[in-house]
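Asker: Supplied in structure tokens, the structure appears directly below.
The values are calculated or read from the model by the stated rules, or taken from the named source; none is laboratory data. Since we're looking at a predicted model, the values are computed, not measured. We place every Cβ from the backbone using ideal geometry, glycine too, and count neighbours over all the protein chains shown. Surface accessibility is based on the protein's heavy atoms, side chains included, excluding ligands, DNA and RNA. Shrake-Rupley method; radii C 1.70, N 1.55, O 1.52, S 1.80 Å.
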Amino acid sequence: MLTFAHPFMFWLLLSLAGPVILHLLNRQRLRTVVFPSVRFLRHSQIPQDGRRRLRDILRLLLRLAFLTAVIILLAGPKWTPPAEAKSETDSKTAVFLLDASSSMSTGNRLENGRRLFHEALVEMDGWKTGGIVFASRILAETPPSSDRHPVEKLADGWAATATGGIPDEALKNAVAMLGTTGKRRLVIVSDFQLGDWNHRMPFVPPDVEIVFLDASEQPRSDNAAVSDIQCRTLGRNRLQIIVSVQNFSLKPQKRTLSLSVPGQEIQPQDVEIRPKAVARCPFVIENATPSGQGRAILSEDAYSQDDSRFFWTAGKPPVSILLVPSDTAESEEELFFTQKAFAAGAEEGLSEYKLTEGHVDSLIDTNLADYQVVVLLSSAELLDDATAAALHGYAEKGGVIFATGGGSASAALRTFQKAEMPLAQSNGITGAASRNAVLGVGPVAADSPLGDVFGDRTDHDLYLFPIRKHHRLKPLHDTTVLLNSLEGQPLLLSRDVGRGRIHFFAFGFSREWSDFPLTNSFLPLLHELTVAAVPQDFGQIHLTCGDKHVLADGTEADTSRPALFMDGAVRCDVSVPLRESMTETINLEDLRQMLKTEKSVEAATPAATTADRSRDLSRWFAWLSAILLLLEILL
């Protein structure tokens, strides 16, 4: 069958009337010429008028044929062979998709699924049948065959896993197995849990029949899960464990939560969770083992896989901090107060810190990736360009830099600006002219990272200590002011650098500048800035069942079931995906539309599409046009 890519080009056929009209207008007409005498005219043979007319007609036909060929060429001609007529004896092929995601372990869903599978298989007499078992990936498959034993064996080995359901790969393989001819049927046996099916799906050709077999029979009306566990050291070898319990249903849930920790007797707690809400239950363990393991257990419901969760009986690993003082006595005092503050924080259970003292001259040779925080105590002004560039790369990758003003804030700020970390301009020092000048700290903005801790002025001495002097700073664009003086002068600046951050204090941590290191607010302020700089999951890796994780030795970790394991010095835990805990299911008609809508997917499976047998005729019409033009010229 001849088809055209641009059929509107055939309107140009109207232009064929032009050569015809010109031909008719230019026909030779006889004229009478009056001569006084014909004796001077030579005798000649009269030409044959019929031969000339024939040549003119041939030229006209060639011109019309040439224009017609060019118009057809512009229309994009293609030839598609007629499709072969399908016979009534065409094959019948069916492929079963068997959902083995974690939610299929709820109640009798797996048994219902097997029953529905066998009932559908009995009705397919004379069909070739195959099957695919999938969860987060394809677990097993058998190609379509007239022998039913392979697909029956596949269904007998069908079991729920602890992983989430990702049907995309299985759908693509199923469509490829069905082929492109005959009657084709895709049978999906699942609980159609919303978290697994509510996303863009691979395209299923329109001539493939889709059959949904719902194994859930009725949706879960209630479900609660252990959704998160956070551990925090309290000092004196005590550990606080906060267990989050999430209610995924639309009605309140009452459950009993208990902790299982070797060597510990922990009283269970009764917890009530509001609909679609999270309840947090704190536990305290005495004499906790840093590398010990535990398990939070919730009283079971119909879906039990999310009712327990493993955890490590340890807080976050120590935050590594590199302290870099200068050689001045003032900087040594800053180092003393900073070390004392972080040591007190560890004793009070705020966090654990690993402090290392460095030197500005050897900073360029230090592996900064070993530290989460670098503190420049009046030493930023001594940085050379290469060291400043190294600090910029460190911050780009997520590191955090603290810097105090020191004697020359202008030199320090110029160095940071050269290293693409612009913060402010320095305009001298306020309060240096008089030892009796006393300055103070203004209110902390509520939306500041320090607002949660220092928002109430009556609960802290942050606003009470005297500041004897500080650098006058003019913040640049994109620089955030975290602390101001009572006169509105910036005291603490912050700027994001890549995934990291830099903080700049307008004063030093010594008594020459202020009494700030002597206050009770010194430690909380440093702690808040440090904690905000450290990722939430620092030193830990949280995985869900089915995730791929390559260990430090190059092998792949087994994440098929909930578990705990160490990857070098990093603690790892594996839990069931929370999307499997959802009680909602997808509307099957909506799912059918998603599978049948080609525009909503990236591409159809190549094996499942009909091969394009059409031939482009543009080249032939181009040659024909050239030949016709040549004949017209020669004629």
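Asker: Would you grab the residues whose amide H sits under 5 Å from the one on S91? Only those 5+ places off in sequence or on another chain, please, with H modelled 1.01 Å from N.
Answerer: For S91, whose amide H was placed from the backbone, the distant partners under 5 Å are K183.
Asker: Ignoring ligands, DNA and RNA, what percent of the 1.4 Å accessible area of region 506-590 is carbon and sulfur?
Answerer: For region 506-590, the apolar C and S fraction of the accessible surface comes to 50 percent.
Asker: Here is a further query. So if each residue of separation counts as 0.36 nm, and I subtract the Cα-Cα distance between H359 and Q230, what length gain in nm does that give? Before the final figure, lay out the partial values.
Answerer: Values: separation 129, 0.36 × 129 = 46.44 nm, distance 3.62 nm.
The H359-Q230 span can extend by a further 42.8 nm.
Asker: Oh, and also: In terms of modelled amide H atoms, which long-range or inter-chain residues lie less than 5 Å from the amide H of I210?
Answerer: Amide H neighbours of I210, under 5 Å, 5+ apart: L186.
Asker: Using R₀ = 41 Å, calculate the FRET efficiency as 1/(1 + (r/R₀)^6) where r is the Cβ-Cβ separation of D207 and V570; round to 0.05. Numbers along the way, then the final one.
Answerer: Numbers: r = 51 Å, r/R0 = 1.25.
Approximately 0.20, to the nearest 0.05.
Asker: Any idea of the accessible area per residue across region 461-510, 1.4 Å probe, to the nearest Å²? Provide the component values of the computation, followed by the final result.
Answerer: On the way: 1940 Å² over 50 residues.
Here the residues of region 461-510 average 39 Å² of exposed surface.
Asker: Within region 416-430, what residues put their amide N at less than 16 Å from the label point 7 Å along the Cα-to-Cβ vector of D478?
Answerer: Label zone hits: 416-425.
Asker: Is the C-alpha gyration tensor of region 197-266 telling us rounded, prolate or oblate? Criteria: a/c under 1.5 is rounded; beyond that, a/b larger than b/c is prolate, otherwise oblate.
Answerer: Prolate, because a/c is 1.5 or more and a/b exceeds b/c.
Asker: Follow-up. So for each of 297-307, 561-571 I average, over its residues, the number of other beta carbons within 10 Å; can you give me the resulting order with the highest mean first? List each step's numbers first, then the result.
Answerer: Working: 297-307: 18.8, 561-571: 14.5.
Going by the mean number of other Cβ atoms within 10 Å, highest first, we get 297-307, 561-571.
Asker: Please report the accessible area of R495 (heavy atoms, 1.4 Å probe, ligands and nucleic acids excluded) in Å², nearest 10.
Answerer: 40
Asker: Then there is this: Determine, from the Cβ-Cβ distance of E632 and S37 and an R0 of 60 Å, the FRET efficiency 1/(1 + (r/R0)^6), rounded to the nearest 0.05.
Answerer: 0.90
Asker: Once the mean 1/r over all distinct Cα pairs of region 480-524 is inverted, what Kirkwood radius in angstroms do you read off?
Answerer: 11.8
Asker: Let me ask something additional. Using a 1.4 angstrom probe on heavy atoms only, work out the carbon and sulfur share of the accessible area of region 198-308 in %. Before the final figure, lay out the partial values.
Answerer: Working: 2600 of 5780 Å².
Carbon with sulfur: 45 percent of the solvent-accessible area.
Asker: By Kyte-Doolittle mean hydropathy of at least -0.5 and Cα axial length of at least 18 Å, which whole DSSP H helices of the chain are selected?
Answerer: Values: long enough: 49-74 (38 Å, 0.89); 109-122 (20 Å, -0.53); 329-347 (27 Å, -0.29); 618-634 (24 Å, 1.58).
Helices meeting the criterion: 49-74, 329-347, 618-634.
Asker: Can you list residues from other chains, or at least 5 along the same chain, whose modelled amide H is less than 5 Å from the amide H of K354?
Answerer: V319, S320, I321
Asker: Tell me which of N247, G294, G263 sits at the most positive position along the dipole axis of region 228-298, charges placed on C-beta atoms (Lys, Arg +1; Asp, Glu -1).
Answerer: N247
Asker: A further question follows. Sorted by mean Cβ packing within 10 Å, highest first, what order do the peptides 99-106, 499-506 take?
Answerer: Ranking, from highest mean packing down: 99-106, 499-506.
Asker: Of I541, Q230, G431, whose Cα points farthest to the positive end of the dipole of the chain (charges on the beta-carbon: +1 Lys, Arg; -1 Asp, Glu; origin at the Cα centre)?
Answerer: Positive-most Cα among the choices belongs to I541.
Asker: Provide the gained length on full extension for the span S408 to R59, in nm with one decimal, where the gain is 0.36 nm per separating residue minus the Cα-Cα distance. Let's see the in-between values first.
Answerer: Values: separation 349, 0.36 × 349 = 125.64 nm, distance 9.46 nm.
Using 0.36 nm per residue and subtracting the Cα-Cα distance, I get 116.2 nm.
Asker: Show me the ranking of peptides 270-279, 333-342, 551-560 by mean Cβ neighbours inside 10 Å, starting with the highest. Intermediate results must be reported in sequence, preceding the final value.
Answerer: On the way: 270-279: 14.0, 333-342: 19.3, 551-560: 11.7.
Ranking the peptides 270-279, 333-342, 551-560 by packing returns 333-342, 270-279, 551-560.
Asker: Using the Cα centre as the reference, give the magnitude of the dipole from point charges on the C-beta atoms of the chain (Lys, Arg: +1; Asp, Glu: -1; all else neutral), rounded to the nearest 20 debye.
Answerer: Value, rounded to 20: 5100 debye.
Asker: Then there's this: In whole percent, what relative contact order does region 197-260 give with Cα contacts below 8 Å and a gap of six or more residues?
Answerer: Relative contact order, region 197-260: 28 percent.
Asker: Same structure, new question: Give me the base-10 log of I(q)/I(0) for the chain at each q in 0.07 Å⁻¹, Debye formula, one uniform scatterer per Cα, rounded to two decimals.
Answerer: Result of the Debye calculation: -0.73.
Asker: State the Cα centre-to-centre distance between region 130-155 and region 1-24 in whole Å.
Answerer: If you average the Cα positions of each part, the centres end up 58 Å apart.
Asker: Determine, from the Cβ-Cβ distance of W79 and A17 and an R0 of 45 Å, the FRET efficiency 1/(1 + (r/R0)^6), rounded to the nearest 0.05.
Answerer: Computed FRET efficiency for W79 and A17: 0.95.
Asker: Also: Within the chain, what percent of beta bridges assigned by DSSP are antiparallel, to the nearest 5? Walk me through the numbers before you get to the answer.
Answerer: Working: 69 of 114 bridges.
Of those bridges, close to 60 percent are antiparallel.
Asker: Here is a follow-up. Give me the number: length gained by fully extending F10 to N520, i.e. 0.36 nm times residue separation minus the C-alpha to C-alpha distance, one decimal in nm. Walk me through the numbers on the way to the answer.
Answerer: Working: separation 510, 0.36 × 510 = 183.60 nm, distance 8.80 nm.
Gain in length upon complete extension: 174.8 nm.
Asker: At a threshold of 8 angstrom on Cα-Cα distance, excluding pairs fewer than six apart, so keeping six or more, what relative contact order does the chain reach in percent? Let's see the in-between values first.
Answerer: On the way: 1296 pairs, mean separation 98.4, N = 635.
Across the chain, relative contact order equals 15 percent.
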